[in-house]
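Worksheet: one structure, shown below.
Bear in mind these aren't lab numbers, they're just calculated from the coordinates by the rules spelled out. This is a predicted model, so every value here is computed, not measured. We place every Cβ from the backbone using ideal geometry, glycine too, and count neighbours over all the protein chains shown.
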Amino acid sequence: MSSRAHPVAGKIISKSFISSGLSGTRLRMAPANCGGGCRIAHSNAVSQKNLMFKHILLPLDGSELSAKAVPAAIEFARTTGAKLTPYTCLEEYPFLQSSDAGHEKKAVFERRIEAAAREELAKIESAAAQAGVPCTGATSIASAPYRGIIEMAKERGCDVVFMASHGRRGISGLLLGSETQKVLTHSEIPVVVFR
C-alpha cells in the first residue's frame, strides 16, 4: 500500500478487526473525518486510490447507536464528496394472514411501518441537505436485515456501507453486532463500522 496520505487516512485497522479473507490487509481511516469512531473493516479489493467513495449506504435500525452514526455518516459523505442513502429494512408482517383477526391487517401494518421509516429518513435527508450532501432514503422488506442491506447496496450502486456497531473493548471487542458481522461476511463492498 502506498505511504502517500489519503484525505481520510489515519487510523490503522488491526488484522484481528478485519473480516473474512483479508488477513494481512491493512486499511487506514481517520476517525476525525467520520465522527471519531469509524473504521474500515472489510473490502475485497481496496487500495489507497479507490478509498474515495461516491455512494454511501447508511443502514438504520431505530437504535440509539444507529442514530449516533447519522451525523458521522453525513460528515463522512461531505468529506468524501459522496451521496448518501439512508436505509431501513422494514419488518416483515409478523402474523399469519389466516390467524385471529384481532391484529392489524397486512396492508395497514405495511403502510404504518413504511410511514414511520419514511418520517425518520426525511429527517436524515434534511440534515444531509443542510450539510450539502445529496441524500435520498430507501426502504425494503427482506427476510433478514443483512440481506436487505446488501441487496439495497447493489440496487442503488453503493460503493461502501457505513454502519453502526457496539463499541466493545477487549475480547468482546472482537465480536460485532450480529447484523454487522453478517454484512461484513457477505458484503462485496467495503464496510465502515462506526463505534
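Cα-based radius of gyration for region 53-114, normalised by 2.2 N^0.38 Å, reads 1.60. Sorting 139-152, 113-126, 78-91 by average packing, meaning the other beta carbons within 10 Å per residue, from highest down gives 78-91, 139-152, 113-126. Subtracting the Cα-Cα distance of LYS154 and GLU92 from their residue separation scaled by 0.36 nm leaves 20.2 nm. For the listed residue pairs LYS68/LYS106; LYS54/LYS182; LYS54/LYS123; LYS154/LYS182; LYS106/LYS154, the alpha carbons are over 20 angstrom apart in LYS68/LYS106; LYS54/LYS182; LYS54/LYS123; LYS106/LYS154. One chain, two ends: LYS105 and THR79. Fully extended at 0.36 nm per residue, the span grows by 4.9 nm beyond their Cα-Cα distance. Between HIS55 and LYS83, ASP159, VAL160, the built amide H atoms are under 5 Å apart, and every one of these is 5 or more places off in sequence or on another chain.
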